[in-house]
Amino acid sequence: FPFLDESVVKVEDGQASLYKYIFPAHLQKPTLAVIGLIKPLGSLLPTGDTQARWAVRVLK
């Protein structure tokens, strides 16, 4: 992610270190949600929609 500091989303061997594939686990205040950074077996749109809905519920 060229627009984020490298320490925000850690990527090792092509894999981002994200809790539930959404939240950077190492942040002190996890208020950043990374939506759609997965390789689903099916369509990405419903998966991204579900991730976004869950992230909103967590952050509420």
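The values are calculated or read from the model by the stated rules, or taken from the named source; none is laboratory data. It should be emphasised that the depicted structure is a prediction, and the values quoted were computed from it without experimental measurement. We place every Cβ from the backbone using ideal geometry, glycine too, and count neighbours over all the protein chains shown.
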Those residues that are at pLDDT below 95 and exposed (fewer than 12 other Cβ atoms within 10 Å of the Cβ), I need them from the range 51-60; list them, please.
L59, K60
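In the range 1-50, how many are without any contact (Cβ under 8 Å) to a residue 12 or more places away in the chain and either in a loop (DSSP other than H, G, I, E, B) or within 14 Å of the chain's Cα centre (by Cα) (or both)? Before you say what the answer is, go through the steps one by one.
To start, the set of residues in the range 1-50 that are without any contact (Cβ under 8 Å) to a residue 12 or more places away in the chain comprises 1-7, 11-15, 17, 19, 25, 28-30, 39-47, 49-50.
Keeping just the survivors that are either in a loop (DSSP other than H, G, I, E, B) or within 14 Å of the chain's Cα centre (by Cα) (or both) gives 1-7, 11, 13-15, 17, 19, 25, 28-30, 39-44, 47, 49-50.
Here the count works out to 26.
Working only within the range 34-50, note down all residues that are under 23 Å from E6 (Cα atoms) and either at pLDDT 95 or above or in contact with a Gly (Cβ under 6 Å, 6 or more places away or on another chain) (or both).
I35, G36
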